[in-house]
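**Student:** Before I ask anything, here is the structure I am working with.
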Amino acid sequence: MDDNPIIRESNKILSKLQLLSTFFEDEIVYKIYLRTQVIHKLYDTNPELDVNKLELFHVQFTQPAIDLLRKIKKINENNVSLLFNEIQLNSELIKSIKESDFTENDFNIDKQRQALRINNSLRKLYQLLSDNKQDYPFAKNINAFSARYSEDFFYTISPDLLAGLTDYDPATMYSNANATIQRKLMGRLCKFDFRTEFYCGLKTGNLIIEVYKFIDDDEHFLFYPSRNMFLFADVSKLKGIDLTTDLTRNERIIQELQDKNDQLQSRANITKINIPQEVRSLLADNYKKISDINFLQNIASFDTQANILKTMLNTDML
């Protein structure tokens, strides 16, 4: 009966319903498709049946269901598009941060250079103090390192802890017009030939401390840039700070954005195929009706059900 225009149109309607069934991956939609296929086959293989009833069936049930599912599909795709736009913006931001961010490798290289600047500055300070001169002892750009890396690579501490670390007795200090250093610290530096390495950076608000360790001894000292001051550092006071696993600020932002994108992708996957519960209930009711053994005999009496489907298409219920 493929030459019958009603059968040909029914085949087209079946193809549309199959595509929607595949798209939504919903059990009730798939069951409706299978049942509709059975009804179509019944009329296609039994010429003695009134094929006009097949046409009436599609008008009352299949086409309204297709139109409703298409409307839901379009709404879902618009919502998914908004989610994908947000994912794209987040991905562009991640890329921008990675391209402009100072990497951990940059930090590791520059902290070696900073340690060399500090060691040379301390050697010069020792010489100036010995000669009783007031010249500026610090290497060029001595504060550039902390200005560049403090935001991402220095550890935040409390103001009380900073105050405790920088507390000192003026009577124990050497000083000139440009720098101050504990006498015993200068003695230790001379003993170990000013061989030190960068240990960590600390910050509270705008105040910054650089902590250094003697390469040949298990002692530490700090450089307080805003005061050009050097003091022994009691690193046991830093026990509450994890100096090994802390993420930089930008690494935390990137991780948060990646987690957000994962959540958005999951939402998009769910949103894409979501069918509102009230629509699923109506489709389930439709399936129940078209599965009834006496359905074809009573097909002309189901106008009300078709009208409900059509009404949904013209309201804001979705």
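**Student:** Filter the range 26-75 for residues that are acidic (Asp, Glu) and in a helix (DSSP H, G or I); which is farthest from THR271 (Cα to Cα)?
**Tutor:** Looking at the filtered set, the residue picked out is ASP44.
**Student:** Among all residue pairs at least 6 apart or on different chains, which show Cβ distances below 7 Å where the first residue, located in the range 34-56, is acidic (Asp, Glu) and the second is not in a helix (DSSP H, G or I)?
**Tutor:** ASP44/MET1
**Student:** Looking at (1) closer than 30 Å to ILE97 by Cβ; (2) surrounded by 19 or more Cβ atoms within 10 Å (Cβ to Cβ); (3) touching an Asp or Glu at 6+ places or on another chain (Cβ under 8 Å), can you tell me which one TYR155 breaks?
**Tutor:** With respect to (1) closer than 30 Å to ILE97 by Cβ; (2) surrounded by 19 or more Cβ atoms within 10 Å (Cβ to Cβ); (3) touching an Asp or Glu at 6+ places or on another chain (Cβ under 8 Å), TYR155 is out only on (2).
**Student:** Oh, and also: Output the number of the condition that PHE302 fails; it satisfies all remaining conditions of (1) within 25 Å of ILE72 (Cβ to Cβ); (2) modelled with pLDDT of 90 or more; (3) not hydroxyl-bearing (Ser, Thr, Tyr).
**Tutor:** Unmet for PHE302, out of (1) within 25 Å of ILE72 (Cβ to Cβ); (2) modelled with pLDDT of 90 or more; (3) not hydroxyl-bearing (Ser, Thr, Tyr): (2).
**Student:** Here's another thing I want to ask about it. If you check ASN78 against the conditions, is it farther than 15 Å from LEU282 by Cα and under 46 Å from the mean Cα position of the chain (by Cα)?
**Tutor:** On the way: farther than 15 Å from LEU282 by Cα: yes; under 46 Å from the mean Cα position of the chain (by Cα): yes.
It is true that ASN78 is farther than 15 Å from LEU282 by Cα and under 46 Å from the mean Cα position of the chain (by Cα).
**Student:** Now a separate question. Which one of these does LEU14 not meet: (1) surrounded by 15 or more Cβ atoms within 10 Å (Cβ to Cβ); (2) closer than 23 Å to SER281 by Cβ?
**Tutor:** (2)
**Student:** Among the residues of the range 66-111, which ones are loosely packed, with under 12 Cβ neighbours inside 10 Å, within 30 Å of GLY187 (Cα to Cα) and not aliphatic (A, V, I, L, M)?
**Tutor:** Selection gives ASN108 alone.
**Student:** Please note which strands (runs of 3 or more DSSP E) are completely contained in the range 156-274 and include at least 2 residues that are under 29 Å from the mean Cα position of the chain (by Cα).
**Tutor:** Fully inside the range 156-274 and qualifying: 196-204.
**Student:** Here's something else I'd like to know. Being farther than 27 Å from ASP131 by Cα and either in contact with a Pro (Cβ under 6 Å, 6 or more places away or on another chain) or without any contact (Cβ under 8 Å) to a residue 60 or more places away in the chain (or both) is true for just one of GLY187, GLY164, GLY205. Which residue is that?
**Tutor:** GLY205
The values are calculated or read from the model by the stated rules, or taken from the named source; none is laboratory data. This structure is a prediction, so every number in the text was calculated from the model and none was measured. Glycine also receives a Cβ, built like all others from the backbone with ideal geometry; neighbour counts cover every protein chain displayed.
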